[in-house]
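Below: one structure, written as structure tokens.
The values are calculated or read from the model by the stated rules, or taken from the named source; none is laboratory data. These numbers were taken from a predicted model, which means no experiment stands behind them. Glycine also receives a Cβ, built like all others from the backbone with ideal geometry; neighbour counts cover every protein chain displayed. When the accessible area is computed, the model is the full protein with side chains, heavy atoms only, and any ligands, DNA or RNA have been set aside. Shrake-Rupley method; radii C 1.70, N 1.55, O 1.52, S 1.80 Å.
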Amino acid sequence: MHISDGILDTGIVMAANVVSVGVIYLTGRNVKPEEIPKIGMTGAALFVASLIHFPMAGTSLHLGLFGIAGIILGKRAFPAIFTAILFQALIFQHGGLVTVGINSLNMGAGAYAAWLIWRTEALPEYLRSALAGFVGIIIPALLMSLEFQLSGYGRGIFYLFSIYIFAALIEGAVSFSAVRFFRKVKPELLI
Amino acid sequence: MTIMKKVIILFVLFALCFNSKIIAHAINFETERHAPAVTVKAFFSRSAPLVNARVEIYAPESEQPFQTGRTDQKGIFAFVPTVTGNWRIRVDDERGHAGNVSVSISGNFFEAGEAGETEETEETGEITDPAAEAENAAVYREEEAETTILRDIPLAYRIIFGLSLIFGITAIIYASRVRQELNSRNREA
């Protein structure tokens with residue numbers, strides 16, 4: 001899921017960095033002090049979540065928790081995701097440092113989509129929470145495949161995409177149980 | 001200065017202290033004096049050797065090269081000094097980096113049976129050709145990706161390190177945001 005340095009077209013990567021700084025400003029603007037600890041905690045959870053690996057079809061997948069970040073933080077998920085990805089790149093060498101922008105835009109898009117689904121009141125809550133978790137992985141995977149396609153890589157990346165469907169299913173289950181847990185323990189966390 | 005600006009500056013500074021080697025490649029030299037030859041090993045920060053780099057060796061008080069050559073696959077070259085004094089060596093990889101080192105040869109170097117001595121110096125690489133530097137930056141980044149400071153630290157410590165940084169940044173932003181809020185409330189009152 002994390003794109004490394006030197007794989008994508010430099011133009012795309014640099015543009016994504018500029019855009020993501022702008023998006024941080026837009027999503028972090030007028031943040032209320034009481035929101036900040038929540039953002040920090042979610043960022044910390046995202047930062048660690050990527051270390052939980054499970055083997056799958058010859059490669060290994062890890063949790064992203066972008067769906068849950070979207071559910072808890074809404075549009076404020078982006079600064080948390082950016083921070084988590086930046087520190088993953090710096091401390092775990094997980095994904096490139098120059099590609100922090102494009103990675104966080106991909107995953108931020110997943111979190112935003114998850115939030116949009118979470119806000120759809122028409123659906124029952126269990127369905128919304130599972131769908132949000134699913135979308136939180138599938139949107140970034142889709143974007144990543146698209147970016148690889150734009151940079152002139154072949155169709156092999158779509159094989160990778162099919163693996164992410166499994167990851168998204170697992171993520172959906174995680175998000176479902178997390179929302180159930182929050183509803184029971186700390187319902188005010190769910191906007 | 002807004003909080004956002006402060007945070008961005010913090011991030012940039014933080015990134016810089018992890019990747020300073022990418023911006024100005026430090027070239028390290030390890031010289032070994034062992035009569036009758038001096039062996040010099042040239043390498044980037046931690047491991048990557050300067051392979052096939054141009055070497056110019058200048059005798060003390062001489063502007064003409066005493067010897068020219070290239071480093072081998074391990075970034076090593078050797079020469080046999082003839083007089084005492086400071087021998088200057090310039091290594092240029094022709095991909096945009098160069099470094100200088102000098103080796104002082106004293107009188108007892110030439111006396112038979114002297115034990116060898118090893119010394120390590122670090123020179124900040126000068127960028128000789130910005131265009132070539134930019135072109136080859138990706139190659140070096142790959143070579144040096146393995147040389148970040150944190151490579152040898154156990155994973156558990158790295159996790160704690162990362163978490164404490166995230167919590168610390170959160171606390172800083174929280175504190176300054178609360179202060180802003182209080183200030184504006186005071187102004188209203």
Worksheet entry | Neighbour net charge for A:ALA77 - beta-carbon separation under 12 angstrom, K R +1, D E -1 | +2
Response to the item:
Candidate cut points under trypsin sites (Lys or Arg not before Pro) in the range A:13-93, DSSP loop plus at most 15 other Cβ atoms within 10 Å of their own Cβ, are A:ARG29
Discussion item. So, for the range A:10-189, what is the accessible surface per residue at a probe of 1.4 Å, expressed in square angstrom?
Written reply: 43 Å²
Discussion item. 7 Å from Cα along Cα→Cβ at both B:VAL51 and B:ARG185: what's the point-to-point distance in nm?
Written reply: 6.4 nm
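Within 14 Å, Cβ to Cβ, of A:ARG183, how many net charges do the neighbouring residues add up to if Lys/Arg are +1 and Asp/Glu are -1?
Values: positive: A:ARG128, A:ARG180, A:LYS184, A:LYS186; negative: A:GLU125, A:GLU188.
Within the 14 Å Cβ shell, the charges total +2.
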Item to complete: Check each of the trypsin sites (Lys or Arg not before Pro) in the range A:87-191 and keep only those in coil by DSSP with at most 10 other C-beta atoms within 10 angstrom; list them in order.
Response: A:ARG155
Worksheet entry | Per-residue mean of C-beta atoms belonging to partner chains within 10 Å, peptide A:115-126 | 0
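Using a 1.4 angstrom probe with every protein chain in place, what is the largest-first accessible-area order of B:GLU56, B:GLU94, B:GLU61, A:GLU171? Spell out each step's value before the answer.
Working: B:GLU56 40, B:GLU94 95, B:GLU61 190, A:GLU171 5 Å².
My answer, sorted largest first, is B:GLU61, B:GLU94, B:GLU56, A:GLU171.
Quick one: length gained pulling A:HIS53 to A:LYS75 fully straight, 0.36 nm per residue minus the C-alpha distance?
Net length gain for the segment: 5.2 nm.
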Worksheet, complete the sentence: With a Förster distance of 30 angstrom and the Cβ-Cβ distance between B:GLN73 and B:SER104, calculated FRET efficiency to the nearest 0.05 equals 0.60
Fill in: Options A:LEU86, A:TRP118, A:LEU142, ranked by Cα towards positive dipole end of chain A, top entry (Cβ charges)
A:TRP118
Discussion item. Using a 1.4 Å probe on the protein heavy atoms, what percent of the accessible area of the range A:1-53 belongs to carbon and sulfur?
Written reply: 67 percent
Discussion item. Restricting to DSSP H runs of at least four residues, report the calculated mean residue ellipticity at 222 nm for chain A, -39500 (n - 2.57) per run over all residues, nearest 500 deg cm²/dmol.
Written reply: -23500 deg cm²/dmol
Worksheet item: Using 15 Å as the cut-off for backbone N distance, which residues of the range A:16-44 belong to the label zone defined by a point 7 Å from the Cα of A:LEU146 along Cα→Cβ?
Response: A:16
Worksheet entry | Neighbour net charge for A:ALA111 - beta-carbon separation under 10 angstrom, K R +1, D E -1 | +2
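Averaged over B:179-186, how many beta carbons belonging to a partner chain fall within 10 Å of each residue's beta carbon? Walk me through the intermediate numbers first.
Values: counts 1, 1, 3, 1, 0, 0, 0, 0.
Partner-chain Cβ atoms within 10 Å, mean over residues of B:179-186: 1.
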Response to the item:
In degrees, nearest 10, the alpha-carbon axis of helix A:125-150 is tilted away from the dominant principal axis of the alpha carbons of chain A by 10 degrees
Worksheet, complete the sentence: So A:PHE166 and A:TYR25, fully extended at 0.36 nm per residue minus their Cα-Cα distance, gain in nm 47.4 nm
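Determine the shielding of peptide A:42-49 by partner chains: average, over its residues, the number of Cβ atoms on other chains within 10 angstrom of each Cβ.
Values: counts 1, 5, 8, 2, 1, 5, 4, 0.
Across the residues of A:42-49, the mean count of other-chain Cβ atoms within 10 Å is 3.
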